[in-house]
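The values are calculated or read from the model by the stated rules, or taken from the named source; none is laboratory data. Not measured: the values here are computed from a predicted model. Note that we place each Cβ from the backbone using ideal geometry, even for glycine, and neighbour counts take in every protein chain shown. With ligands, DNA and RNA removed, areas are computed over all heavy atoms of the protein, side chains included. Shrake-Rupley method; radii C 1.70, N 1.55, O 1.52, S 1.80 Å.
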Amino acid sequence: MNAAFRRLWGWPLLLGLVTAIGLISALVGDGAYDMLSWLGLGMPVAVSLWCAGRKKPASHEASLKRRAAKKG
Amino acid sequence: MKSSTIKTWAWIHKWSSLACTVFMLLLCLTGLPLIFHHEIGHLLGTEVEAPEMPADTPRASLDRVLEAAQARQPDKVPQFLSREIDDDSFWYVTFADHPLAQGDTKTVAVDARTAKVLAEPKFDEGLMYILLKLHVDLFANLPGKLFLGLMGVLLLVAIVSGTVLYAPFMRRQDFGTVRRNNSPRVKWLDLHNLLGIVTLVWAMVVGTTGVINTWADLMLKYWQHDQLSTLLAPYKNQAPPERYASLQHSYELARAAEPSKTLSFIAFPGTAFSSPHHYAIFMRGDTPLTSRLIKPVLVDAGESKLTASVDLPWYLTALLVSQPLHFGDYGGMPMQILWALLDVFTIIVLGSGLYLWLKRRQPRSLIEEAEAVVDFPSGSAAAQGDLSKESAS
């Protein structure tokens, strides 16, 4: 997996996997399985709210600039 | 990604979305309160509640339960005897003018311990009923279901094509970027991409299981034609029994045939779920997964004799497992709340998609404005101009 692929699809793949675990675990059992499913479905919700809610998005250009500033 | 490839996927995404968006908005909006239908019913006082009694209070005979319910509906025939999945303190007995009738059913709730009538809940009126009918079949029965199923298939196409388009639009951005300093179009595109990709797996699962649910009636009909007809061949030339044997005894036969299972519901003879000669007694397991998997036990309703315990075919198993994954009712209240939030996110994805389409005529194409990464063959400016026009139309 190269860096560009990871940067583009890393988070979507991780969130997809976590969602799938959340959907399945509550089908399998109760108690701890239910809690695992709340975590699994809660993570995409939390990530969305955090990304949509933060004031200044860390745009790629900005992070490049920051990195360049650190080097210089 | 090549500009011609993007054009093709953009075309698929545009038309599949446009065709289904209005119906998907309707499904998301009506589905939202349906996630909490039990809680809402509780608040409205329409939920049946049986008095508290010790858990080991002996159960009344099902014959007495049926008798008590029938006394409230003397002119109708019983179709089903059922209960809530998480409450065995009372039974619902459903009546209609004819065993096969689908509409105009009456329900009587009977205490499972005392065989006293608790309530006659009305499941076919009120706001929740209207929302449910809009959600399930647009008040158009089977054609309505199949139409919504088709819209669901288009939604799945829109989700897949949208995921493909995520790549060129997000190649230059970090995950979760929402650019607010540019145009509102770019902001809503970023939100569309963010919420779309984050809800991807959930939306695919809820969409697919919803589509499967629209085929439930057809699957049942096919099952009856395919398997039950073979099983019931010996009864072909017999008249249906004039008097039905003891329901309680038939239920005990079914319990003896499937000792590790508990009762889900009973279909009386002549309904869509049974045969004219049989009680179909549907037994279920009691783990979260197996409680969805029901196994019909056919008991001869004339002689109260076990005919067969039937394994459900794979397509009905798929249907039954797909139902909780559509309803979100299998992981307690926190899951229902998360289900509702994911539903709201989907509404935002649909709404922002519609907004982006309405705002498509702008001096600059969205691809340009959002700095999507497109490979143009030979890098010609003319090719870029073509694409801009195409994606704007």
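Structure above, values below:
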item	result
Selection count where residues are touching a helix residue (DSSP H, G or I) at 6+ places or on another chain (Cβ under 8 Å) and modelled with pLDDT of 95 or more, scope the stretch B:247-278	4
Candidate set from the stretch B:204-232 (those that are farther than 18 Å from residue B:273 by Cβ and touching a Gly at 6+ places or on another chain (Cβ under 7 Å)); member that is surrounded by the fewest Cβ atoms within 10 Å (Cβ to Cβ)	B:211
Positions within the stretch B:348-362 being assigned to a helix (DSSP H, G or I) and either more than 30 Å from residue A:37 (Cβ to Cβ) or open to solvent by less than 40 Å² (accessible area, probe 1.4 Å) (or both), in sequence order	B:349, B:350, B:351, B:352, B:353, B:354, B:355, B:356, B:357, B:358
Number of positions in the stretch B:165-195 that are closer than 15 Å to residue A:13 by Cβ and open to solvent by 20 Å² or more (accessible area, probe 1.4 Å)	1
The stretch A:33-52 residues that are within 13 Å of residue B:332 (Cβ to Cβ), paired with ones that are among the aromatic types (Phe, Trp, Tyr) and buried (at least 17 other Cβ atoms within 10 Å of the Cβ) (beta carbon under 8 Å, 6 or more apart)	A:41/B:202; A:41/B:339
Neighbours by Cβ (under 6 Å, 6+ apart or cross-chain): first from the stretch B:1-23, among the basic types (Lys, Arg); second part of a helix (DSSP H, G or I) and open to solvent by less than 30 Å² (accessible area, probe 1.4 Å)	none
Tally, over the stretch B:107-125, of residues that are open to solvent by less than 40 Å² (accessible area, probe 1.4 Å) and closer than 30 Å to residue B:206 by Cβ	2
Where a residue in the stretch B:271-293 is more than 14 Å from chain A (Cβ to nearest Cβ) and part of a loop (DSSP other than H, G, I, E, B) and its partner, wherever it lies, is among the small types (Gly, Ala, Ser) and surrounded by 17 or more Cβ atoms within 10 Å (Cβ to Cβ), with Cβ under 8 Å and at least six apart	B:271/B:280; B:273/B:267; B:273/B:280; B:274/B:267; B:274/B:280; B:276/B:270; B:277/B:301; B:277/B:302
Scan of the stretch A:5-52 for residues that are part of a helix (DSSP H, G or I), more than 8 Å from chain B (Cβ to nearest Cβ) and farther than 18 Å from residue B:201 by Cα, ordered by number	A:5, A:6, A:32, A:35
Subset of the stretch B:159-187 [in contact (Cβ under 8 Å) with a residue 40 or more places away in the chain and within 14 Å of residue B:345 (Cβ to Cβ)]	B:159, B:162
Matching option when the condition is open to solvent by 70 Å² or more (accessible area, probe 1.4 Å), more than 23 Å from residue B:194 (Cβ to Cβ) and modelled with pLDDT under 65, among A:71, A:56	A:71
Count - residues of the stretch B:54-106 that are over 23 Å from residue B:272 (Cα atoms), crowded, with 18+ Cβ neighbours inside 10 Å and either in contact with an Asp or Glu (Cβ under 6 Å, 6 or more places away or on another chain) or free of Cβ contacts under 8 Å to residues at least 24 places away in the same chain (or both)	1
Check on residue B:194, hydrophobic (A, V, I, L, M, F, W, C), within 14 Å of another protein chain (Cβ to nearest Cβ) and in a helix (DSSP H, G or I)	yes
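Condition check ((1) part of a helix (DSSP H, G or I); (2) farther than 23 Å from residue B:40 by Cβ; (3) of a type in the set (Ser, Thr, Tyr)) across all residues:
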| site | (1), (2), (3) |
| --- | --- |
| B:125 | no, no, no |
| B:134 | yes, no, no |
| B:143 | yes, yes, no |
| B:147 | yes, yes, no |
| B:150 | yes, yes, no |
| B:160 | yes, yes, no |
| B:180 | no, yes, no |
| B:185 | yes, yes, no |
